[in-house]
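Working notes for the structure below.
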Amino acid sequence: MGEIEDAIERADREAFTREPPKTLKAQIGYLLKQMGSAKAVAQELGVTADSVNRYRRGARKHPRADVASKIDDAVRQRWQPMVRKRRHKQAAATGGITVETRARFGYTSSAGSTDDGRFRRLTVKLPAAYAQRLFDARDTGASDQQMREIIAEGFKEVYFQDGGGRAMGLSDVEINDIDYLDLDY
């Protein structure tokens, strides 16, 4: 997973209205209900169907750390899909998306101005159109670099050009060396 996808996933987790199951038995029970069979769950987790059934019965209580992480990720990925979908729809329709980051921004501009990249800490609310483009890109399997370009384009329009009020000669903005990136919608 890339940095942008991780940020979207964190924002989705913050939207949960109820906490996902915490115990191993409850997590496996939830996955079995969602996926339909121990074989399907086992395939997702990279273990045997017998192991899944042992976790479900409570006969095995402590999976390896990597398997425990996969179980937790699988549950969180499937938890409250309607809440997630509603938040995405709202952000893409009217709400927009807030991006907070500390990264190196570089840009191409008219002659005589500086284009050396420098670290900036920015919090910018991007319009709904950028949220829609970002979600569409993620859903179609876009690379992290492609999603960075969408965010950079939004920063160019909203922050650097102030919605068309300045820096009209600015043609390209790049985000590099991301220290952290957080999304909220």
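The values are calculated or read from the model by the stated rules, or taken from the named source; none is laboratory data. These numbers come from a predicted model, not from an experiment. Don't worry about glycine lacking a Cβ; one is built from the backbone with ideal geometry, like all the others, and counts go over all protein chains shown. These accessible areas exclude ligands, DNA and RNA; they are computed on the full protein's heavy atoms, side chains included. Shrake-Rupley method; radii C 1.70, N 1.55, O 1.52, S 1.80 Å.
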Would you check which residues across the range 1-38 are in contact (Cβ under 8 Å) with a residue 12 or more places away in the chain, open to solvent by 80 Å² or more (accessible area, probe 1.4 Å) and not in a loop (DSSP other than H, G, I, E, B) and list them? ARG10, ARG13, GLU14, LYS25, GLN34
Has the range 24-46 got at least one residue that is in contact with a Phe, Trp or Tyr (Cβ under 9 Å, 6 or more places away or on another chain) and of a type in the set (Ser, Thr, Tyr)? yes
Among the residues in the range 72-84, are any part of a helix (DSSP H, G or I), at pLDDT below 90 and either within 16 Å of LEU183 (Cα to Cα) or aromatic (Phe, Trp, Tyr) (or both)? yes
Would you call ALA92 among the small types (Gly, Ala, Ser) and farther than 30 Å from ILE151 by Cβ? no
Scan the range 50-76 for residues that are surrounded by 14 or more Cβ atoms within 10 Å (Cβ to Cβ) and either free of Cβ contacts under 8 Å to residues at least 40 places away in the same chain or among the aromatic types (Phe, Trp, Tyr) (or both) and jot them down. SER51, VAL52, ASN53, ARG54, TYR55, ARG56, ARG60, PRO63, VAL67, LYS70, ASP73
Only one of (1) in a strand (DSSP E or B); (2) at pLDDT 90 or above; (3) open to solvent by 40 Å² or more (accessible area, probe 1.4 Å); (4) not small (Gly, Ala, Ser) is not met by GLU174, so which one is it? (2)
Exactly one of GLU44, GLU100 is under 29 Å from GLU19 (Cβ atoms), within 15 Å of the chain's Cα centre (by Cα) and not hydroxyl-bearing (Ser, Thr, Tyr), and that residue is GLU100
Restrict the check to the range 93-108 and report whether at least one residue is surrounded by 13 or more Cβ atoms within 10 Å (Cβ to Cβ), at pLDDT 90 or above and assigned to a loop (DSSP other than H, G, I, E, B). yes
Answer with yes or no whether ALA129 is modelled with pLDDT of 90 or more, touching a helix residue (DSSP H, G or I) at 6+ places or on another chain (Cβ under 9 Å), open to solvent by 50 Å² or more (accessible area, probe 1.4 Å) and outside any strand (DSSP E or B). yes
Would you call VAL47 in a helix (DSSP H, G or I), more than 20 Å from TYR130 (Cβ to Cβ), in contact (Cβ under 8 Å) with a residue 12 or more places away in the chain and open to solvent by less than 70 Å² (accessible area, probe 1.4 Å)? no
